[in-house]
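Since the structure comes first, as structure tokens, the remarks are kept for the end.
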Amino acid sequence: MESAALSRIGLAGLAVMGQNLALNIAEKGFPISVYNRTTSKVDETLDRAAVEGNLPVSGQYSPRDFVLSLQRPRSLIILVKAGAPVDQTIAAFSEYMEPGDCIIDGGNEWYQNTERRISEAEQKGLLYLGMGVSGGEEGARNGPSLMPGGSFQAYDNIKDILGKVAAQVEDGPCVTYIGEGGSGNFVKMVHNGIEYGDMQLISEAYDVLKNVGGLSNEELAEIFTEWNRGELESFLVEITSDIFRVKDEFGDGELVDKILDKTGMKGTGKWTVQQAAELSVATPTIAASLDCRYLSGLKDERENAAKVLREAGLKEEIGSASSGIDKKRLVDDVRQALYASKICSYAQGMNLLRAKSLEKSWNLNFGELARIWKGGCIIRAVFLDRIKKAYQRNPDLASLVVDPEFAKEMVQRQAAWRRVVGLAVSAGISTPGMCASLAYFDTYRRARLPANLVQAQRDLFGAHTYERTDRSGAYHTEWTKLARKSN
Ligand code: NBP
């Protein structure tokens, strides 16, 4: 018999994400049981629950007690390191679970692992959700963006909890049922890929403003604050303005200048680019941001290359490019270049999602995805409301670039965008994200590309055949014979 003392939900894995999400759930009035392999973290969570408002958290110290402390049908969230730890955790709990109970993995899991676990769970009569959680520590505690995919019944069992725990925006909580299978994890993965792109584009804007425009950290802080009041308003632009203001506690100046220029990563960006390649979807801005992380890691090689090329006569062009720069105009141009580049990056991410949705019959609702990213998550931005509306206007939109509103915005910004990229190229400041976005735009919008020549080459050396513009069918030509005969 179930007693009133049973918890409504459980959460296992009390590291950064788990602890904060558990406290968030408890704060919304849902009694929760918590468990962690290393039990000291259970006590830590209980201490925080007491300090942060006597929250209804019940600490459990064994998998059995944990599972049996939950109301049926049991809903149990796992937030451990993705991969084998998730399988081990499931194995530890599932022997005490009963048909109809539900496992929710909130980690950054590879979507195929979730699909495997869904069928393993089904064999035991268990329900399974793979739920993307975005927003880091702060989001988990105060309102993340949640992307649950898998069993709809499992989602329905905890819909009320998720709706209260998620970030709230004017058009609802930042959660929606994503779709079947591993769709929740896949959508979170692409969200992270888009996040890579956004961070790269912002870092390029900073590079151009600092090294071409000669702006100080103080000026950069003000500009990013200003940008955060307009079309670029977003979490990443906001935190960037804060970063420029932090002084170095060990010396003069600001901390940002003392940070080693090597970017870390955990793999979701790589998965995004791999999936894009698998599905033949162009995601050059996201790929450029990933490549830049790889290149940033080659610090010693880059330092050596700088030296070797300087000795070989390479001159820094920055000085000449920045002389006579109209700072005010540069700032305005960079803002427009950043915005236009961002649209292209989101267009790539959304098209990757569309391709996967078609392949897997997930029936993803892109307007809803944009809506649940408006709050709580790292890519949250005012601009996502425009994306939501674009997909509401046309759910089958081929690309954000051809949505009438975005098309207008791109055209208005393209002169500034080209000026920034041109200036950066001539100054030798690498802007791979902005260049990739611009090249994507220019390639996508051109009705005729030089692909005719590539087709001719393929046909010449490999008899791959080609199609013609003026008649149907596949053609092969004896190119070499004809060319040499005519000479
Ligand atoms: P970590 O990814 O650092 O994982 C630590 C947790 O995993 C601890 O509770 C640890 O237990 C548990 N664990 C490990 Br490691 N191996 C285990 C095993 N074999 N059996 C049982 N438990 C095991 O935690 P996190 O940073 O909170 O992230 C959790 C998930 O959320 C990850 O998938 C992550 O990618 C994702 N995520 C993280 C963030 C973020 O900002 N950190 C944001 C969004 C999503 P122990 O205490 O006993 O070692």
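The values are calculated or read from the model by the stated rules, or taken from the named source; none is laboratory data. In this text, all values refer to a predicted model and were calculated from it rather than measured experimentally. Reconstructed Cβ throughout: ideal geometry from the backbone, glycine too, with neighbour counts over all protein chains shown. Note: areas computed on protein heavy atoms with side chains; ligands, DNA, RNA excluded. Shrake-Rupley method; radii C 1.70, N 1.55, O 1.52, S 1.80 Å.
For segment 381-468, the list of trypsin sites (Lys or Arg not before Pro) that fall in a loop by DSSP and count at most 16 other C-beta atoms within 10 angstrom reads 446, 448, 468.
Note on residue 299/residue 444: beta-carbon distance plugged into 1/(1 + (r/R0)^6) with R0 of 30 Å gives a FRET efficiency of 0.30. If you sort the three axes of the alpha carbon gyration tensor as a ≥ b ≥ c, you get a/c of 1.5 or more for segment 104-202 and a/b no higher than b/c, which makes it oblate. Listed by chain and number, the lysines whose alpha-carbon sits under 16 Å from that of residue 327, ignoring those within fewer than 8 places in the same chain, are 210.
By the gyration tensor of its Cα atoms, with a ≥ b ≥ c the square roots of the eigenvalues, what is the shape of segment 415-487: rounded for a/c under 1.5, prolate for a/b over b/c, or oblate?
Values: a/c = 3.62, a/b = 2.38, b/c = 1.52.
It comes out prolate by the Cα gyration axes.
Rolling a 1.4 Å probe across the protein heavy atoms gives segment 154-294 an accessible surface of 44 Å² per residue. Accessible surface comparison of 469, 114, probe 1.4 Å, protein chains only, largest first: the order is 469, 114. Among 256, 86, 425, the order of accessible area from largest down is 425, 256, 86, computed with a 1.4 Å probe on protein heavy atoms. Classify segment 191-244 from the C-alpha gyration tensor, please: rounded if a/c falls under 1.5, else prolate or oblate depending on whether a/b exceeds b/c. Cα axes put segment 191-244 in the oblate bin. List the GluC sites (Glu not before Pro) within segment 90-119 that fall in a DSSP loop (any state other than H, G, I, E or B) and whose Cβ has at most 12 other Cβ atoms within 10 Å. Hits after loop and neighbour filter: 95.
Of the cross-linked pairs 262/408; 41/266; 356/408; 315/408, which ones have a Cα-Cα span greater than 32 Å in the structure shown? Checking Cα-Cα distances, 262/408; 315/408 exceed 32 Å. Ranking 259, 457, 149 by Cα position along the charge dipole of the chain, where only Lys, Arg, Asp and Glu carry charges on their C-beta atoms, puts 457 farthest toward the positive end. What you get for segment 264-319, charging only the Cβ of Lys and Arg (+1) and of Asp and Glu (-1), is a dipole of about 160 debye around the Cα centre. Among the GluC sites (Glu not before Pro) in segment 224-306, those located in a DSSP loop and surrounded by at most 12 other Cβ atoms within 10 Å of their own Cβ are 249.
P(r) tail for segment 288-396, what percent of Cα pairs lie past 18 Å? That fraction is 69 percent. Accessible surface calculations at 1.4 Å, restricted to protein heavy atoms, place segment 1-92 at 45 Å² per residue.
For segment 361-454, the dipole from Cβ point charges (+1 on Lys and Arg, -1 on Asp and Glu) about the Cα centre works out to 200 debye, to the nearest 20. If you sort 152, 224 by accessible surface, 1.4 Å probe, largest first, the order is 152, 224.
Only helices at least 27 Å long along their own axis, judged from Cα atoms, and with Kyte-Doolittle mean hydropathy of -1.0 or greater: name those in the chain from DSSP H.
Numbers: long enough: 183-211 (42 Å, -0.23); 327-360 (49 Å, -0.47); 404-427 (34 Å, -0.03).
Helices passing the filter in the chain: 183-211, 327-360, 404-427.
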